[in-house]
Structures are given as C-alpha cells and as structure tokens.
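K.L.:
Below you'll find the structure I mean.
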Amino acid sequence: MSRKPIIAGNWKMNLCQSEAKSLYEGIKSFVSNYTAPQLPIVVIAPVFTSINQVSEIPCSCGCGGSKLYVAGQNCHWESSGAYTGEISVEMLKDAGCSYVIIGHSERRQYFSETDEMINKKAKAILAGGLIPIICCGESLEQRESGKTEEHLAYQVEHDLEGLTADQVKELVIAYEPIWAIGTGKTATADVADETCGFIRAKVAQLYGKEVADEIRIQYGGSVKTSNIDELMSKENIDGALIGGASLKADDFLVLVNAAVK
Ligand code: PGA
C-alpha cells in the first residue's frame with residue numbers, strides 16, 4: 001500500500017507578515033520545480049494574520065493536485081458567534097486553507113484542550129470540507145511508566161469518535177511524543193515507527209484494515225535534516241509535522257526533498 005507522504009511545517013506563534021512572505025517565497029521557488037505527483041503533500045501552517053501572505057499552489061500539469069497547501073493551526077467547532085479570539089472552519093477555508101492542525105500538545109497543555117473538544121473540531125473541519133491533522137502523543141512520564149499505548153489508544157478512540165470510515169481515511173494523524181517536541185530529543189526511528197504502527201493497528205481495530213492502510217500517520221518532534229531520511233524509510237511513518245526546522249527555508253526544503261519521488 002503506498003500512501004503519499006505529507007510534510008507539514010507548523011510555524012507556531014512565529015513570523016510576522018513580511019517574514020512569513022519571504023519563507024513562503026523560498027518554499028514556492030522550490031516546489032515550482034516539480035509537479036504535484038512528484039512532491040509529497042507539502043503543507044505550511046502560518047499564524048492566522050499571515051495566511052494572507054501565503055497561498056496554495058495548484059499544480060499546472062492537470063493532475064488536480066496542489067504543490068503547496070495551507071493549514072490553520074487551530075479552529076473552533078462552531079461556525080460563528082460570540083467566541084472571542086476564536087476562528088471558524090469557514091473562515092480558514094475562506095482565507096485559503098485546506099488543512100487544520102488540531103490537538104497539538106501545546107494546545108492541550110496551555111489551553112486545556114480536551115479530546116472531546118478535539119473530536120468536535122475534527123467533525124466541524126470534515127463537515128466544512130477541510131482535512132484535520134490530529135495530533136496525539138504521550139508525555140515522558142507516560143512513556144517511562146509503560147502507559148504510552150494506553151494513552152494513545154484513548155486519544156485515538158476519543159478524537160475520532162463518531163467519524164465514518166470514509167472520513168477517517170481522509171484525515172491525518174500526527175504522532176508527536178511530547179518529550180520530543182522542541183527538545184532536540186527525537187524518538188529513534190524505530191520507536192517512532194513502532195508507535196505509529198500501534199496507532200495504525202488501533203485505527204484498524206476501530207475502522208478496519210482498509211482504512212488503516214490508507215490513513216496517513218506522520219511523526220513529529222525534533223524532526224530535522226539529519227534524521228528525516230531514517231524516519232521516512234520506516235513503513236508506518238508517512239511524513240512529518242515539523243516545528244523549529246520548518247522556519248528555515250533551507251532546512252524545510254531538505255525535509256520536503258526527502259519525500260520527493
Ligand atoms: P519541533 O515541533 O519540530 O520543533 O520539535 C514539532 C511540533 O510541535 O509539531
């Protein structure tokens with residue numbers, strides 16, 4: 001089963017408009033050398049105020065795909081109303097996004113996002129015609145006490161609750177062990193592969209083998225130019241969600257290049 005890899009840059013709360021624009025220009029000049037079928041799915045997630053500085057790049061070869069997709073870093077599950085500080089799926093779509101990252105551990109930790117909220121967001125994103133990138137991952141304490149699988153099974157079950165098999169096939173899961181995010185400590189490629197494999201098996205248990213074979217599962221957490229090749233060589237890893245190394249065009253392009261056919 002060959003799944004098209006997905007390389008996504010999560011710019012987090014970084015880059016004002018002019019900086020976002022220049023990083024985008026660097027990425028754009030690289031991806032324009034390829035057609036969409038040669039590239040992995042390449043996604044960038046700027047802050048909301050910089051979405052207008054970047055745009056999707058549709059492929060001109062007639063394949064119907066894009067060379068570059070834009071993602072929101074969060075959304076609300078309601079479509080509009082009195083939710084100060086929030087943004088809806090429709091607004092992200094209107095701004096040109098195709099993907100939305102939800103359930104990032106920083107949102108779970110600092111903004112008290114629960115699996116129930118993430119599940120409502122996932123449903124709203126899919127209903128709005130966008131694709132959720134759902135993050136999950138264990139803490140260091142959970143890993144060290146042997147609770148990784150129990151924790152991930154809980155997250156996967158609750159984040160996907162009520163979704164149809166066809167919806168689950170389309171979405172992306174990003175496995176991001178919390179202890180590896182921004183710390184320089186990457187899970188070894190074997191550990192990352194084994195854990196992504198566990199998540200895939202959980203999806204198979206809930207939705208069947210066909211869905212599990214199709215769903216894309218990324219690894220995230222200190223992905224960099226020196227470890228991308230090994231990570232991408234693993235059977236269960238379908239790409240990467242990248243924070244720090246996605247802020248430098250040169251590094252990000254090496255990461256994209258690792259998944260170019
Ligand atoms: P990092 O972040 O690559 O800086 O570790 C990954 C993420 O938070 O998605």
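K.L.:
Please specify each residue of segment 1-41 satisfying the condition of being within 16 Å of the ligand (Cβ to nearest atom) and exposed (fewer than 15 other Cβ atoms within 10 Å of the Cβ).
P.N.:
Answer for segment 1-41, where residues must be within 16 Å of the ligand (Cβ to nearest atom) and exposed (fewer than 15 other Cβ atoms within 10 Å of the Cβ): just M13.
K.L.:
Another question about this same structure. Quick one: in segment 240-260, of everything that is away from the ligand (no atom under 15 Å from the Cβ) and open to solvent by less than 60 Å² (accessible area, probe 1.4 Å), which residue is nearest to the chain's Cα centre (by Cα)? Working first, answer last.
P.N.:
Let us first name the residues in segment 240-260 that are away from the ligand (no atom under 15 Å from the Cβ), namely 249-250, 253, 257, 259-260.
Then keep just the ones that are open to solvent by less than 60 Å² (accessible area, probe 1.4 Å); that gives 249, 253, 259-260.
On the way: A249: 18, L253: 17, A259: 15, V260: 18 Å.
Here the answer is A259.
K.L.:
Kindly establish whether T183 is within 16 Å of the ligand (Cβ to nearest atom), in contact (Cβ under 8 Å) with a residue 24 or more places away in the chain and part of a loop (DSSP other than H, G, I, E, B).
P.N.:
So T183 passes the test.
K.L.:
For F111, work out the one condition from (1) away from the ligand (no atom under 16 Å from the Cβ); (2) more than 30 Å from V260 (Cα to Cα) it doesn't fulfil.
P.N.:
Result: F111 fails condition (1) only.
K.L.:
Can you tell me which condition A192 does not meet? The list is (1) more than 19 Å from Q73 (Cβ to Cβ); (2) part of a loop (DSSP other than H, G, I, E, B); (3) within 16 Å of the ligand (Cβ to nearest atom), and all the others hold.
P.N.:
With respect to (1) more than 19 Å from Q73 (Cβ to Cβ); (2) part of a loop (DSSP other than H, G, I, E, B); (3) within 16 Å of the ligand (Cβ to nearest atom), A192 is out only on (2).
K.L.:
Let me ask something else. Suppose we filter E78, E106, E56 for residues that are open to solvent by 30 Å² or more (accessible area, probe 1.4 Å), more than 18 Å from the chain's Cα centre (by Cα) and acidic (D, E); which single one remains? It would help to see each step written out before you state the result.
P.N.:
Working: E106 fails: more than 18 Å from the chain's Cα centre (by Cα); E56 fails: more than 18 Å from the chain's Cα centre (by Cα).
Result of the check over E78, E106, E56: E78.
K.L.:
Of the residues that make up segment 114-136, is at least one open to solvent by 20 Å² or more (accessible area, probe 1.4 Å), of a type outside the set (A, V, I, L, M, F, W, C), within 16 Å of the ligand (Cβ to nearest atom) and in contact with an Asp or Glu (Cβ under 9 Å, 6 or more places away or on another chain)?
P.N.:
No, because not a single residue in segment 114-136 is open to solvent by 20 Å² or more (accessible area, probe 1.4 Å), of a type outside the set (A, V, I, L, M, F, W, C), within 16 Å of the ligand (Cβ to nearest atom) and in contact with an Asp or Glu (Cβ under 9 Å, 6 or more places away or on another chain).
K.L.:
Right, next: Restricting the search to segment 195-244, which residues are part of a loop (DSSP other than H, G, I, E, B), in contact (Cβ under 8 Å) with a residue 24 or more places away in the chain and among the polar types (S, T, N, Q)? Show your work before the answer.
P.N.:
First pass over segment 195-244, keeping only residues part of a loop (DSSP other than H, G, I, E, B): 208, 215, 221-227, 233-238, 243.
If we keep only those that are in contact (Cβ under 8 Å) with a residue 24 or more places away in the chain as well, we get 208, 215, 221-225, 227, 233-238, 243.
Selection gives S222, T225, N227, S233, N236.
K.L.:
Hey, any hits in segment 161-174 for a residue that's outside any strand (DSSP E or B) and within 16 Å of the ligand (Cβ to nearest atom)?
P.N.:
So far as segment 161-174 goes, no, none of its residues is outside any strand (DSSP E or B) and within 16 Å of the ligand (Cβ to nearest atom).
K.L.:
If I go through segment 42-52 residue by residue, how many of them are under 23 Å from S222 (Cβ atoms) and either surrounded by fewer than 18 Cβ atoms within 10 Å (Cβ to Cβ) or aromatic (F, W, Y) (or both)?
P.N.:
The initial filter retains those residues of segment 42-52 that are under 23 Å from S222 (Cβ atoms), namely 42-47.
Applying the additional criterion that residues be either surrounded by fewer than 18 Cβ atoms within 10 Å (Cβ to Cβ) or aromatic (F, W, Y) (or both) yields 47.
Result for segment 42-52: 1.
K.L.:
Still on this model: Counting only residues that are open to solvent by less than 40 Å² (accessible area, probe 1.4 Å) and in contact with a Ser or Thr (Cβ under 9 Å, 6 or more places away or on another chain), which one in segment 218-239 is farthest from I27 (Cα to Cα)?
P.N.:
So the residue we want is N236.
K.L.:
Among the listed residues A153, A122, which satisfies the condition of being under 16 Å from the mean Cα position of the chain (by Cα), of a type in the set (G, A, S) and in a helix (DSSP H, G or I)?
P.N.:
One residue alone meets the criteria, A122.
The values are calculated or read from the model by the stated rules, or taken from the named source; none is laboratory data. Keep in mind the model is a prediction, meaning the values are calculated, not measured. Virtual Cβ from ideal backbone geometry, glycine too; neighbours counted across all protein chains shown. The protein model used for the area step is the full one, side chains on, heavy atoms only, and it has no ligands, DNA or RNA in it. Shrake-Rupley method; radii C 1.70, N 1.55, O 1.52, S 1.80 Å.
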